[in-house]
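Before any comments, here is the structure.
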Amino acid sequence: MTVILPLLFLLTAISGTAVVLVRDPVRQVFAIAVNGLVLAILFDALQAPDVALSELTVGAAAVPLLFLVALMAVRTQPPEEKP
Amino acid sequence: MTMLPYAVAAWLFGIGLYGIATSRNFIHLVGCLGICQSATYVLLLGLGYRWGSIAPIFYDHPPGTPAVDPVMQALVLTDIVVGATLTALLLVLTIQAYKRGGSLDPEKLRPMRAGGGSRRNQASSRADDGAGKTS
């Protein structure tokens, strides 16, 4: 049990770094979803089950969906005037 | 071990700021801002955690059992909701900036003036002219 918590902290740092270093926004959506999942597991290990459930809903499902909707809107709607 | 949550929180905040400073895409920038916010989650929950204690739910435990700090968990819950709202607002602003300016690059961002609105009115009036010609 004393090994799991430092391992999850390191995994959180690694997945957060991956979100920043993945420069393509389409691939970054997957990194954001994985980061939300890792944060939810970390919160559950830190004895915060309500926060873990909220993070699982918001961080691993809702926020990546928002990013997908934004990418779809940017891709399908051309800008109004060319600079 | 006791310094590990603070170290991870500082690392996440630093790498998020690095991503915001070097980003060339507004959508990528909003994701980096989410990493900065996850640093605050880790910091608050690391502050409230105590070794060998239970979750602050006393349904099947006698009162007085050592538990982690529930105030920090309430703060993190508020922070998650605020973060999701902030992400939605910034993504909407990103889409509007792309519609007005034609680019997602922060380096190419021009100030949003009233001129953009007038150009849009000209475009809609041209569209009206075209509709008048066809009809």
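Every number in this text was worked out from the coordinates using simple rules, so none of it is lab data. Fair warning: this is a prediction, and the values are worked out from it, not measured in the lab. All Cβ positions, glycine included, derive from the backbone under ideal geometry; neighbour counts span all protein chains shown.
Cβ crowding within 10 Å, taken as a proxy for footprinting-reagent exposure, orders B:S53, B:S23 from fewest neighbours to most as B:S53, B:S23. Is the shape of the protein assembly as shown best called rounded, prolate or oblate, per the rule: a/c under 1.5 gives rounded, else a/b larger than b/c gives prolate, else oblate, with a ≥ b ≥ c the square roots of the Cα gyration tensor eigenvalues? Note, shape of the protein assembly as shown comes out prolate.
Taking the fewest neighbouring Cβ atoms within 10 Å as the starting point, the ordered list for A:I4, B:I95, B:I54 is A:I4, B:I54, B:I95. The order of A:R75, B:R24, going from fewest to most other C-beta atoms within 10 Å of their C-beta, is A:R75, B:R24. Rounded, prolate or oblate, given the Cα gyration tensor of segment A:4-76, with a/c below 1.5 counting as rounded? Because a/c hits 1.5 or more and a/b fails to exceed b/c, segment A:4-76 counts as oblate. A Förster distance of 41 Å, applied to the separation of the beta-carbon atoms of B:E107 and B:T2, puts the FRET efficiency at 0.45.
Springs between Cα atoms under 10 Å define the GNM used for chain A, and in it the highest mean-square fluctuation of A:I32, A:I41, A:I14 occurs at A:I14. Considering helices alone, the calculated mean residue ellipticity of the protein assembly as shown at 222 nm is -24500 deg cm²/dmol, with DSSP H runs of length four and up weighted by -39500 (n - 2.57) and normalised per residue.
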